[in-house]
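*Asks:* Structure incoming, see below.
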Amino acid sequence: MINAVGEPQSLLLVGGTSDIALAIARRYARSGLRVVLAARPSERRTAAAAELTDLKCEITEVDLDARDHESHAATIEQAFAGGDIDIAVMAFGLLGDPEQAWRDPDLALELAEVNYTAPVHLGVLLGQRMQAQGHGWIVALSSVAGERVRRSNFVYGSTKAGLDGFFLGLGEALREYGVRVLVVRPGFVKSKMTSGLDEVPLAVTPDQVAEAVVDGINGKRELVWVPGPLRVVMSGLRHVPRPLFRKLPI
Amino acid sequence: MSDEAVPAIKPSLPEEQPLIPQPLVELHGWGRASGTMSHLAQIDSVADAVSALRRSDNRGVVPRGLGRSYGDAAQNAGGTALDLTKMNRILSLDASGEPATVTVQAGVSLDLLMRALLPFGLWVPVLPGTRQVTVGGAIAADVHGKNHHTQGSFGNHVRSLDLLMADGKMRTVTPDGDTTALFWATVGGMGLTGAILRATVALQRTETAYFTVDTHRAANIDDLMQQMSEGDENYTYSVAWFDAVTKGRHMGRGVLTRGNKARLAELPSKLRRDPFRFVAPSLGTLPEIFPNRMINKATAKAFSTAWYQKAPKHRIGELQNITKFFHPLDMVAEWNRVYGPHGFLQYQFVVPFEEADAFRRCLEMIVNSGHLSCLNVLKRFGPGNPSPLSFPMPGWTLTVDLPIEHGLDRLCDALDNEVVGAGGRVYLAKDSRLSAAMFRRMYPRLEEFLAVRREVDPSGMFNSDLARRLELSKPTTRGAA
């Protein structure tokens, strides 16, 4: 149960090695917090488990293969085996090389599956479990890239647009069952996903995203931008006419 | 009313009960901070309660009364909450017994009970800070009042109770005899041993519905504690309000009010004609319009100063009615709305008398934290009772109401550490945030409670959000370790 001062008892990190997911776990870490790390078995997952164990969390590692849809039900089943999940973070995703992504059908399919199909499938499964438990939060990491899809990364952007719409809708559907969904739209996040890319203005760290998630849950929000001012920027960009939008260096 | 025979309860009921729709509703405690969705089952009879138990799934059931526990004790996310407030009949009264006793359904409120008993010159032995609690809830939380130091908590006055247990059977349990362990686990057991459906309570006699009250102001916390230590034994009822905002040498200044039930001879002749007249004025219901941060530095300081200044320095023998002396907040319905949509929490702890220094450190932490509390209560407890989860123990108890704000988790964690270090604990009826690990340290007799629960409810049918938070849900799993 999330207590009256916003402290959860259990977290499920779907994509448990993502920098943002781990930053969220660090924010919530306290003695006895149950954290389920759902991710591919890897050194990164082992390291994440070790780090959170040092923070006195109780860790369960669960295997997740985003592209193997058949395995999702078992993954979610195992994730809930230790009891209710208070906050589930959908934090996995692929950026891919944007120019390759629209030319290479396999890469385009992979992006669509990892960034959209898998989150939808897992989201439905998670929603069912949370509906039955009568409480809980699902945090979906979307992106401003999905708010107005741009030429420069439209395959990725379109997957996030789909994910964003799905989770906003899921939040509406689950509301009457006491389950809340928070959609997070970060701008450029300095993480392993974006390493090697040039930084852009309003770039944020995973920790800033985590802070926005914690505040969003405490404030019972449905949608947050990170950093906050991006909301205004995106609100403007959404309405820029296409001929002009095409010429913007974004 | 006389000692009419209590109608017998059928020990087992027909398998088939008509299905009553159980709407999914958001339930929260009086603090309004952590609501979840439960199926609310309206219980009008024992058969309804058995039916609700039979229909429950692995999320279980929790009994619910008037929802005055502050946290998550009477809600059950994804499961069932039994609304027992319609089980509100007074079944029989033995007014001539010594002591007099009353047998009631569990959903009878202390307000209803008190109003019904006063004309007989009978008095509910323990009244907490509100009369709007049910008898079932008063037992499950083992509530206390201003007379704890002289007369103990509610459970001390219960002579027997009928418990609907996880196996669907009713059992009458008493403080002594072979049901003693189950009785005392149910007292203070937060509804997790079964649903209390009726109870027999020993009553006190009174000549009037008034109190003779002495009021003293104290300039700081040391003065307040000293005055309480010295004079409490002369009064049946004793409590102090203190200022939790002002720092420095006036820290913890307060107003001590202590009294006894007024005897008929103490009433002026005008009141003597109707000595049991019950005055319960209503100032109305607070609307749902208050923003968060209604309690801020300016309002909290102004309130605390005004409350202190308006109290007389020293006044002896003032005659007060029940509402004024016991339940001033009952005059305003839904007063919890003043804290706005984020809600608030109440932190009440007790530390043994010999830990007065730890007590002072706790007060300093609160005053210096920047978190603001206006409704603050200080009291000395008398001896506790045999219940493994009952809150009171001999010592100082302090209560503060804190609006939910950033950083409150850290203040409460720091207080927990100080309290547990001093051998104290926090009150589950108020709690909405304690961790399972800290709870185990504060209640060292938890294993006794879990042993009873394992026996009477091995599958954990009686369950609540509080039980999940404190890891009491499944008596055989981690909580028992």
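Throughout, read-outs are computed from the coordinates displayed, never taken from laboratory work. Quantities reported herein were computed from a predicted structural model and do not represent experimental measurements. Positions of Cβ are generated from backbone atoms using ideal geometry, with glycine treated the same way; all protein chains shown enter the neighbour counts.
*Asks:* No solvent, one uniform scatterer per C-alpha: report log10 I(q)/I(0) for the protein assembly as shown via the Debye equation at q = 0.06, 0.10, 0.12 1/Å, two decimals.
*Replies:* At q = 0.06, 0.10, 0.12 Å⁻¹ the computed log10 ratios are -0.41, -1.01, -1.32.
*Asks:* Now for a different question. For A:E77 and A:V200, compute 0.36 nm times the residue count separating them, minus their Cα-Cα distance, and round to one decimal in nm.
*Replies:* Result for the pair: 40.3 nm of gain on full extension.
*Asks:* Less than 28 Å apart at the alpha-carbon level, and either on another chain or at least 8 residues along: which lysines does that give for A:K192?
*Replies:* A:K56, A:K160
*Asks:* Same structure again: Which of the listed residues, B:L163, B:T246, B:T150, is farthest toward the dipole's positive end in segment B:138-285, when Lys, Arg count +1 and Asp, Glu count -1 at the beta-carbon?
*Replies:* Working it through, the farthest residue towards the positive pole turns out to be B:T246.
*Asks:* Related question: State the answer as a single residue: which of A:V5, A:L22, A:L244 lies farthest towards the positive end of the charge dipole of chain A, with beta carbon charges of +1 for Lys and Arg and -1 for Asp and Glu, about the Cα centre.
*Replies:* Comparing the listed Cα positions along the dipole, A:L244 ranks first.
*Asks:* Let me ask something additional. Taking the Cα centre of each part, how many Å lie between segment A:120-147 and segment B:251-304?
*Replies:* 48 Å
*Asks:* Once you have the Cα-Cα distance between A:R175 and A:M193, take 0.36 nm times their residue separation minus that, and quote the gain in nm to one decimal.
*Replies:* Length gained, A:R175 through A:M193: 3.3 nm.
*Asks:* Follow-up question, since we're still on this one. Put a dot 7 Å past each Cα toward the Cβ at B:R454 and A:E58; how far apart are the dots in nm?
*Replies:* The answer from the label model is 1.7 nm.
*Asks:* Moving to a separate point now. Using the crude model of +1 on Lys and Arg Cβ and -1 on Asp and Glu Cβ, and no other charge, please compute the dipole size for chain A relative to its Cα centre, in debye to 20.
*Replies:* Charge dipole of chain A: 1020 debye, to the nearest 20.
*Asks:* Over every pair of different alpha-carbon atoms in segment B:362-431, take the mean of 1/r and invert it; report that Kirkwood radius in Å.
*Replies:* Computed over Cα pairs of segment B:362-431, the Kirkwood hydrodynamic radius comes out at 13.2 Å.
*Asks:* What residue among A:P201, A:P186, A:P229 shows peak mean-square fluctuation when chain A is described by a Gaussian network model with Cα springs under 10 Å?
*Replies:* In this elastic network of chain A, the residue with the biggest mean-square fluctuation among A:P201, A:P186, A:P229 is A:P201.
*Asks:* Let me ask something additional. Pairs to check: B:K324/B:K379; B:K86/B:K261; B:K247/B:K313; B:K247/B:K379; B:K313/B:K379; B:K146/B:K474. Give those whose C-alpha atoms are more than 26 Å from each other in this structure.
*Replies:* Correct reply: B:K86/B:K261; B:K146/B:K474.
*Asks:* To continue, here is another question. Using the Cα atoms of segment A:1-148 to build a convex hull, what is its mean projected area in square nanometres?
*Replies:* 9.4 nm²
*Asks:* Oh, and also: What percent of all Cα-Cα pairs in chain B falls into each 20 Å bin, going from 0 up to the bin containing the maximum distance?
*Replies:* It works out to 24, 58, 17, 0, in whole percents.
*Asks:* Take every Cα pair under 8 Å in segment A:77-140 that's 6+ residues apart, average their separations, divide by the length, and report that relative contact order as a whole percent.
*Replies:* With pairs under 8 Å counted, the relative contact order is 53 percent.
*Asks:* Per residue of B:66-78, what is the mean number of Cβ atoms on other protein chains within 10 angstrom of that residue's Cβ?
*Replies:* Counting Cβ atoms of other protein chains within 10 Å of each residue's Cβ and averaging gives 3.
*Asks:* Based on Cβ point charges of +1 for Lys and Arg and -1 for Asp and Glu, what charge dipole magnitude is obtained for chain B about its Cα centre, in debye rounded to the nearest 20?
*Replies:* 1080 debye
*Asks:* Please report the orientation-averaged projected area of chain A, defined via the convex hull of its C-alpha atoms, in nm².
*Replies:* Here the figure is 13.1 nm², rounded to one decimal.
*Asks:* Say the dipole of chain B comes from +1 at the beta carbon of Lys and Arg and -1 at that of Asp and Glu; which of B:S387, B:G31, B:V420 then lies farthest toward its positive end?
*Replies:* The residue sitting farthest along the positive end of the dipole is B:G31.
*Asks:* Still on this structure: If you take the C-alpha gyration tensor of segment B:378-481, multiply each eigenvalue by 5 and take the square root, what semi-axes do you get, largest first, in whole Å?
*Replies:* The equivalent ellipsoid of segment B:378-481 has semi-axes of 25, 18, 12 Å.
*Asks:* While we're on this one: Helix hunt in chain A: which complete DSSP H runs extend at least 20 Å axially by C-alpha with mean Kyte-Doolittle at least -0.5?
*Replies:* Flagged H segments are A:118-133, A:154-175.
*Asks:* Further, regarding this structure: Would you tell me the mean number of C-beta atoms belonging to other protein chains that fall within 10 Å of each C-beta in B:466-474, as a whole number?
*Replies:* The shielding value for this peptide is 3.
*Asks:* Sticking with this structure for a sec: What does the charge count near B:M461 come to, summing +1 for each Lys or Arg and -1 for each Asp or Glu among other residues with Cβ under 11 Å from its Cβ?
*Replies:* Net charge in that neighbourhood comes out at +1.
*Asks:* Would you mind telling me which residue in A:L111, A:L182, A:L202 has the biggest mean-square fluctuation in a Gaussian network model of chain A, where springs connect alpha carbons within a distance under 10 angstrom?
*Replies:* A:L202
*Asks:* Here's another thing I want to ask about it. Relative contact order of chain A, please, whole-number percent, based on alpha carbon pairs below 8 angstrom and at least 6 residues apart.
*Replies:* 18 percent.
*Asks:* Something else about it: Where does the charge balance sit around A:G171 when Lys and Arg score +1, Asp and Glu -1, over other residues with C-beta under 13 Å from its C-beta?
*Replies:* Here the count lands on 0.
*Asks:* State, as an integer percentage, the relative contact order of chain B based on alpha-carbon contacts under 8 Å between residues 6 or more apart.
*Replies:* In percent, rounded to a whole number, it is 17.
*Asks:* Anyone know which of A:L109, A:L163, A:L122 comes out most mobile in the 10 Å Cα GNM of chain A?
*Replies:* Most flexible of the set in this elastic network: A:L109.
*Asks:* Placing unit charges on C-beta atoms (Lys and Arg positive, Asp and Glu negative, everything else neutral), compute the dipole magnitude of the protein assembly as shown about its Cα centre in debye, rounded to 20.
*Replies:* Charge dipole of the protein assembly as shown: 2160 debye, to the nearest 20.
*Asks:* Over the alpha-carbon set of segment B:192-311, divide Rg by the Kirkwood Rh and report the Rg/Rh ratio to two decimals.
*Replies:* When Rh is taken as the Kirkwood radius, the ratio is 1.08.
*Asks:* Here's something else I'd like to know. Below 11 angstrom from the Cβ of A:A49, what's the summed charge of the other residues (Lys, Arg +1; Asp, Glu -1)?
*Replies:* Charge balance near A:A49 sits at -3.
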